[in-house]
1. For Val125, all conditions in the list (1) in contact with an Asp or Glu (Cβ under 9 Å, 6 or more places away or on another chain); (2) surrounded by 13 or more Cβ atoms within 10 Å (Cβ to Cβ); (3) hydrophobic (A, V, I, L, M, F, W, C) hold save one; what is the number of the exception?
2. Which residue, of Phe64, Phe25, Phe81, is surrounded by 10 or more Cβ atoms within 10 Å (Cβ to Cβ), more than 25 Å from Ala106 (Cβ to Cβ) and either at pLDDT 65 or above or aliphatic (A, V, I, L, M) (or both)?
Amino acid sequence: MYLRFGRKRKRSRIEEGSASSDIAFLLIIYFIVIAGFNVNKGFIMQLPAKDSTRLILKEDLLRFELDEQGALLYQGRAIGFAAAEQEIRSAVAVNPNLAVVLSIAARSPWQQVVSFVELAQTLEVEAFSFSMKAEDPPKEAL
């Protein structure tokens, strides 16, 4: 009794690569579909057009500060976010052209900054600006 072994057919390089290319194609489709479900949450603020100029008088500015400990300051005294909300609401009622300005200390906690920006967005403040305070240079020992 003789056993006959069949010859294995040699596969071409195209056939060998087709399985990996199929997997790669399916992965690409998968990531494209998943990217459609990525939800970005953030602040949507209406920014002025690049070429627009808007004049704001000093009387129309409502200035707040965030110190390094995260305390919110208004006119030199510490206030809470609820009090800041009341100040902004009453000022906007009197002056609809009001611009809220937030000056932020360099080491201020980021969550306080985000909370204040969210407050301005909630109150639908049309003109809102924030800037970082310049850090004081370190004092050298004498």
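1. (1)
2. None of the other options fit; the residue is Phe25.
Rundown of residues vs (1) of a type in the set (Val, Ile, Thr); (2) in a loop (DSSP other than H, G, I, E, B); (3) more than 13 Å from Ala127 (Cβ to Cβ), yes/no style:
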| position | (1), (2), (3) |
| --- | --- |
| Glu59 | no, no, yes |
| Phe64 | no, no, yes |
| Leu73 | no, no, yes |
| Ala83 | no, no, yes |
| Ile88 | yes, no, no |
| Ala93 | no, no, yes |
| Asn97 | no, yes, no |
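The values are calculated or read from the model by the stated rules, or taken from the named source; none is laboratory data. A quick note: this is a predicted structure, and the numbers were derived from the prediction, not measured. Glycine also receives a Cβ, built like all others from the backbone with ideal geometry; neighbour counts cover every protein chain displayed.
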